[in-house]
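This report refers to the structure that appears directly beneath it.
The values are calculated or read from the model by the stated rules, or taken from the named source; none is laboratory data. Bear in mind the structure is a predicted one, so any value in this text is a computation, not a measurement. When we count neighbours, we look across all protein chains shown, and the Cβ atoms used for this are built from the backbone with ideal geometry, even at glycine. The area values use the complete protein model at the heavy-atom level, side chains included, leaving out ligands, DNA and RNA. Shrake-Rupley method; radii C 1.70, N 1.55, O 1.52, S 1.80 Å.
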Amino acid sequence: MNYESRRLEFGLPMGTEPSYFLKPPTTVLGHGGVVRRPTGCELLNFEGEIAAVVGRPMRNVPVAEAWEYLAGFAPANDVGLHDYRETDAGSMFRVKGHDGFCPIGPGVVAGVDIRDQVLRTYRNGVVVQEGPVSEMLNGIDYLLADISRHVTLQPGDIVLTGTPAGSRPMAPGDVMEVEVTGIGRLRHTVAEAPAPAADVGFQPVASQMSKTVAFGGDFKALETGPGR
């Protein structure tokens, strides 16, 4: 919830400090890759984001110095599978942590003032998200300084920085693109994958609560079904 449009979409109060979760390294997917939605799941959401890539170790770095520790920026998609939100809303492990759930690329770009740029997400060529970096509630430098109070960020670590309003479910066959002006345009497709083993663990469910989050509170869209 780091863009004003996203805050308004969910009707949240001003002044909330950011919260964080971890995505495993196996979520990283290159430009042109395929994000796979497990069979039996419906709520595979896109979240176009700006990835800040760390260039040297960061620990207890002041906000004013945070920019000096970055290798650069890249477009990314913080993919989430909300069919698992009933059990993992806190940790986001099964929601956000599947293999390939962090497409990023096509490359890391330095020397661009990210504060002047605009983030856009395209679904099958149509803009579905748009937000200027100036709309961020907490700047990227603030996020990096805040995280570095608690953990040491290492070179190559990726910090995703929030998504504007408009995150919705994707469906197999979709072509997704995330563009950051001055940085580049990430592209990936969506396909169906076999469901995880059905004889162990929590089973996916497209509950009313999960759908409400996946559709950003758009109850009219809920009636038309997920993925379209």
Is there a residue being modelled with pLDDT of 90 or more and part of a strand (DSSP E or B) anywhere in the range 193-216? yes
For the range 58-91, give me each residue that is open to solvent by 10 Å² or more (accessible area, probe 1.4 Å), of a type outside the set (Gly, Ala, Ser) and either closer than 19 Å to Gly111 by Cα or under 12 Å from the mean Cα position of the chain (by Cα) (or both). Val63, Glu65, Trp67, Glu68, Tyr69, Leu70, Phe73
Residue that is farthest from Met1 (Cα to Cα) [pool: residues in the range 105-121 that are open to solvent by less than 30 Å² (accessible area, probe 1.4 Å) and within 14 Å of the chain's Cα centre (by Cα)]: Gly105
So which of Asn138, Asn124 ends up being out of contact with any strand residue (DSSP E or B) (no Cβ under 6 Å at 6 or more places or on another chain) and either crowded, with 16+ Cβ neighbours inside 10 Å or touching a residue at least 40 places away in the same chain (Cβ under 8 Å) (or both)? Asn138
Taking the range 9-36 and the residues there that are at pLDDT 95 or above and among the aliphatic types (A, V, I, L, M), the one that is farthest from the chain's Cα centre (by Cα) would be Val34
Starting from the range 203-228, keep only residues that are under 12 Å from Asn45 (Cβ atoms) and open to solvent by 40 Å² or more (accessible area, probe 1.4 Å), then list their pairs with residues that are modelled with pLDDT of 50 or more and outside any loop (DSSP other than H, G, I, E, B) whose Cβ atoms are within a distance under 8 Å, requiring at least 6 positions of separation or different chains. Lys211/His82; Pro226/Pro169; Pro226/Lys211; Pro226/Ala214
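Only one of Val128, Val95, Val112 is modelled with pLDDT of 95 or more, over 23 Å from Cys41 (Cα atoms) and β-branched (Val, Ile, Thr). Can you tell me which? Give the steps one after another, and end with the answer.
Working: Val128 fails: over 23 Å from Cys41 (Cα atoms); Val95 fails: over 23 Å from Cys41 (Cα atoms).
Checking each option against the conditions leaves just Val112.
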Does any residue in the range 37-56 that is farther than 21 Å from Leu119 by Cβ and open to solvent by less than 20 Å² (accessible area, probe 1.4 Å) come within less than 7 Å, Cβ to Cβ, of a residue that is assigned to a strand (DSSP E or B) and modelled with pLDDT of 95 or more six or more places away or on a different chain, and which pairs are these? Cys41/Leu81; Leu43/Leu81; Leu43/Pro169
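In the range 84-101, how many are in contact with a Gly (Cβ under 8 Å, 6 or more places away or on another chain) and in contact (Cβ under 8 Å) with a residue 24 or more places away in the chain?
Pass one, the range 84-101, residues in contact with a Gly (Cβ under 8 Å, 6 or more places away or on another chain): 92, 95-96, 100-101.
Filter once more, keeping what is in contact (Cβ under 8 Å) with a residue 24 or more places away in the chain: 92, 96, 100-101.
Matching residues across the range 84-101 total 4.
How many residues, within the range 82-119, are assigned to a strand (DSSP E or B) and of a type in the set (Phe, Trp, Tyr)?
Of all residues in the range 82-119, those assigned to a strand (DSSP E or B) come to 102-104, 109, 118-119.
Of the ones still in play, those that are also of a type in the set (Phe, Trp, Tyr) are none.
Total meeting the criteria: 0.
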Would you check if there is a residue in the range 147-160 being in contact (Cβ under 8 Å) with a residue 12 or more places away in the chain and assigned to a helix (DSSP H, G or I)? yes
